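K.L.:
Sharing a structure below in structure tokens format, with a few things to ask.
What follows draws every value from the coordinates through simple rules; no lab data is involved. Bear in mind the structure is a predicted one, so any value in this text is a computation, not a measurement. Here the Cβ positions follow ideal geometry from the backbone for every residue, glycine too, while neighbour counts run over all protein chains shown.
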């Protein structure tokens, strides 16, 4: 096939996708890769050990977290913290959503109330409690991922929503994401 023929074929192929793809498909093709949110903590570094006060062996308070690079058009921010190394499968330590788009982090020791002053709503962790539940591995070193999501919507869920419910509600609405991983050994 000649160079001119290949270009014509590509134009035809792109036109076909633009005419037949749903809106999500089109936006994914145009936007491409999502922006990356930078997530940090003053309590531990990426891949570092989480201090004991943020675990069940200590005060069991949430660590301070900060993030940046939230894109324009973000309507809310969600956070999920989980441990993929738990013996019975991934263990959820924190679910919080509908944080205002201008939120740049969470201070240490966030309350476990249903909702926070800024309107954020807390979900249910796998300890069957609202809010944060710190690392509490039965043995060995586990990894804890603090995942931050920028959403183009507010999530229509009530306090006590699970990670699975939040992930379902976020589907198709994540405009950027990022994570911080810390480790803990008991």
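K.L.:
Could you tell me which of rounded, prolate or oblate describes region 143-186, using a ≥ b ≥ c as the square roots of the eigenvalues of the alpha-carbon gyration tensor, with rounded for a/c under 1.5 and, failing that, prolate when a/b is larger than b/c and oblate otherwise? Write down the numbers at each step before the final one.
P.N.:
On the way: a/c = 3.29, a/b = 1.61, b/c = 2.04.
Note, shape of region 143-186 comes out oblate.
K.L.:
Rounded to the nearest 0.05, what FRET efficiency is calculated for residue 102 and residue 156 with R0 set to 22 Å and r the Cβ-Cβ distance?
P.N.:
The formula returns an efficiency of 0.60 here.
K.L.:
Would you work out if region 34-185 is rounded, prolate or oblate? Take a ≥ b ≥ c from the square roots of the eigenvalues of the alpha-carbon gyration tensor; rounded if a/c is under 1.5, else prolate when a/b is larger than b/c, oblate otherwise.
P.N.:
Because a/c hits 1.5 or more and a/b exceeds b/c, region 34-185 counts as prolate.
K.L.:
Can you tell me, using C-alpha contacts under 8 Å and at least 6 residues apart, the relative contact order of region 65-109 as a whole percent?
P.N.:
Value for region 65-109: 46 percent.
K.L.:
What is region 37-186's relative contact order, in percent, from Cα pairs under 8 angstrom and six or more apart in sequence?
P.N.:
30
K.L.:
Given the peptides 44-51, 143-150, arrange them by the average over their residues of other C-beta atoms within 10 Å, most packed first.
P.N.:
143-150, 44-51
K.L.:
To the nearest Å, what is the center-to-center distance of region 85-109 and region 47-79, using C-alpha atoms only?
P.N.:
Region 85-109 and region 47-79 have Cα centres spaced 6 Å from each other.
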